[in-house]
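K.L.:
Take a look at this one; I'll ask things after.
Where a number appears in this text, it was derived from the coordinates with a stated rule and is not lab data. These numbers were taken from a predicted model, which means no experiment stands behind them. Cβ coordinates were reconstructed from backbone atoms using ideal geometry, including for glycine residues, and neighbour counts include every protein chain displayed.
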Amino acid sequence: MIKCLVCDQEAERVLVTYMHEIVGEGAFFCERHAFDDGRERCPYCDDYGVEVEDEDSGEIVELLPTYPAGALDSEDSCSEHP
Ligand SMILES: [Zn+2]
Ligand SMILES: [Zn+2]
């Protein structure tokens with residue numbers, strides 16, 4: 001299971017850049033903590049799964065994106081939704 005960095009609950013979101021690349025080694029969050037610290041949500045990406053490998057099980061799981069503060073453009077959307 002991939003855990004939230006903050007609370008150790010199961011993660012549902014992964015931190016990605018504007019271009020949908022995973023940030024660093026991967027920062028994972030549950031729904032409650034996904035948008036803390038100014039992290040941003042693209043309103044069009046709630047059905048966009050980012051494939052992440054669960055290092056414990058080796059399985060590929062799909063997580064929804066969350067974006068670093070300031071990552072989204074003036075329309076509050078990511079690179080897929082100009
Ligand atoms: Zn959490
Ligand atoms: Zn988007």
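K.L.:
Please state the relative contact order of region 1-77 as a whole percent: Cα pairs under 8 Å, 6+ residues apart?
P.N.:
Normalised by residue count, the contact order of region 1-77 is 33 percent.
K.L.:
Please figure out what share of the DSSP beta bridges in the chain is antiparallel and state it in percent, rounded to the nearest 5.
P.N.:
Approximately 75 percent, going by the DSSP bridge assignments.
K.L.:
On to the next question. Cα centroids of region 12-45 and region 49-82: how far apart, whole angstrom?
P.N.:
Distance between centres, Cα-based: 6 Å.
K.L.:
Can I ask one more? Taking neighbour counts of Cβ atoms within 10 Å as a proxy for exposure, in what order, fewest first, do ASP73, ASP37, ASP47 appear?
P.N.:
ASP47, ASP37, ASP73
K.L.:
Exposure proxy check: HIS33, HIS81 ranked by fewest other beta carbons within 10 Å?
P.N.:
Starting with the residue having the fewest Cβ neighbours, the order is HIS81, HIS33.
K.L.:
Assign unit charges at the C-beta atoms only (+1 for Lys and Arg, -1 for Asp and Glu), then state the dipole size of region 7-82 relative to its Cα centre in Debye, rounded to the nearest 20.
P.N.:
360 debye
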